[in-house]
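Remarks on the structure that follows.
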């Protein structure tokens, strides 16, 4: 299984008990029924390794206790601590499958309905209220809120983000009238 065909479910935070059970801290934006899953992929030394699930006890929305087949001891379970846990994108609901991580937006070209190509996403600024796209056009920096009212399409294939920025927002950055 390739990493790009998967979504990170969370990571292994610690062991539980003495039979090799592990506690997974789950990502906030992933909602899957763990008790319906047969297996997970654990990233070990850069490789995704499949592990079949024996039992699941989802303790909260943010954590679960898993017993994996072939992990029968505390020693084997300890080797997995801090390893990321992945699931195939194919088992996510359709709307979750298309969701991009903010880091995947970096480098994409940004096209505004009114201004055309306004530059390329340089970084994502994480503010308490929302994410902000930091777009560079030459030496000019443009900051655009990353929300559904402004971003209406992301074309991963052509590496392009289509936006409809509020009137005047981009002008603040591009018009150099003194």
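The values are calculated or read from the model by the stated rules, or taken from the named source; none is laboratory data. Model, not experiment: these values are computed from the prediction. Glycine gets a Cβ as well: all are built from the backbone with ideal geometry, and neighbour counts include every protein chain shown.
For segment 106-120: of the residues being touching a strand residue (DSSP E or B) at 6+ places or on another chain (Cβ under 7 Å) and part of a strand (DSSP E or B), which is surrounded by the fewest Cβ atoms within 10 Å (Cβ to Cβ)? Only one residue fits best here, namely 117.
Of the residues 49, 53, 22, only one is farther than 21 Å from residue 1 by Cα and either modelled with pLDDT of 95 or more or surrounded by 12 or more Cβ atoms within 10 Å (Cβ to Cβ) (or both); which? Unique residue meeting the criteria: 22.
Can you go through 65, 135, 87 and tell me which one is without any contact (Cβ under 8 Å) to a residue 40 or more places away in the chain, assigned to a strand (DSSP E or B) and surrounded by 15 or more Cβ atoms within 10 Å (Cβ to Cβ)? Answer to the check: 135. Every condition in (1) exposed (fewer than 13 other Cβ atoms within 10 Å of the Cβ); (2) on the phi > 0 side of the Ramachandran plot holds for residue 73 except the one numbered (2).
Kindly evaluate residue 144 against the criterion of being modelled with pLDDT of 90 or more, crowded, with 16+ Cβ neighbours inside 10 Å and not in a strand (DSSP E or B). No; evaluated as a whole, the condition is false for this residue. Of the residues making up segment 147-167, just one is surrounded by 13 or more Cβ atoms within 10 Å (Cβ to Cβ), in contact (Cβ under 8 Å) with a residue 40 or more places away in the chain, in a loop (DSSP other than H, G, I, E, B) and under 23 Å from the mean Cα position of the chain (by Cα), namely 159.
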